[in-house]
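One structure is given here, and the rest of the page talks about it.
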Amino acid sequence: MSSYLIFKDVHSLLRWVVILAALWALLRAWSGVAFGSAWSNQDRKSGLIFSSILNLQLVIGIVLYFLSPITQAAMDNFGAAMKDGALRYFAVEHVTGMLLAVIIAQVGYSISKRAATDRGKFLRAAITYTIATLLILASIPWPFMKYGRPLFPSFGG
């Protein structure tokens, strides 16, 4: 099995870990906003785990970007690739949406820790994690999309 297929399958499987981590961080943040909770170590950890797994996914995605025959084809003639929906999606749109999500989640984790009040911490985390999660969900190549991928990797198949 090629390096490309291994990275593609790991990247595909890790999306579910990212989504679960996002849901946990969102649940903690929005619950804290709704119930006026005190910011706890668990709240900090949920954001840390979400942003850390997202960063790992980004690193795997960057490696995959350079191994992918799709992005290699796009780089061979970038102008033509912008006219091809599939090439444009994987070379630009998917990457841009996910990179923005990673940045927003990381900034959200950092600024939520520094807020002066517990409510401020929860609110900053809730807003930034929500935006990041929406970007992630919008940027995943879901099977129902024109350029979609299967929900689970084929592990080389």
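Where a number appears in this text, it was derived from the coordinates with a stated rule and is not lab data. Keep in mind it's a predicted model, so treat the numbers as computed, not measured. Don't worry about glycine lacking a Cβ; one is built from the backbone with ideal geometry, like all the others, and counts go over all protein chains shown.
Think of each Lys and Arg Cβ as +1 and each Asp and Glu Cβ as -1; about the Cα centre, that makes the dipole of the chain roughly 440 debye. Taking trypsin sites (Lys or Arg not before Pro) as exposed when their DSSP state is a loop state and no more than 10 other Cβ atoms lie within 10 Å, the longest site-free interval of the chain runs over 1-82.
Each of L67, L23, A86 was scored by the projection of its Cα onto the charge dipole of the chain, and the greatest displacement toward the positive side belongs to L23; charges sit on the C-beta of Lys, Arg, Asp and Glu. In terms of overall dimensions, the range 3-139 has a Cα radius of gyration and Dmax of 17.0, 54 angstrom. Across the range 80-93, computed HN-Hα scalar couplings (Karplus, 6.51 cos²θ - 1.76 cosθ + 1.60, θ = phi - 60°) run 5, 4, 5, 8, 9, x, 5, 5, 4, 4, 7, 7, 10, 5 Hz from first to last residue, x flagging Gly and Pro.
Sorted ascending by nearby beta carbons within 10 Å, beginning with the fewest, T96, T71, T128, T117 become T117, T96, T71, T128.
The residue among Q57, V33, I131 whose Cα reaches farthest toward the positive pole of the charge dipole of the chain, with charges on the beta-carbon of Lys, Arg, Asp and Glu, is V33. Each residue of the range 69-77 is assigned a 3J(HN,Hα), and the resulting list reads x, 5, 6, 4, 5, 5, 6, 4, 8 Hz, derived from the Karplus form 6.51 cos²θ - 1.76 cosθ + 1.60 (θ = phi - 60°), x at Gly and Pro.
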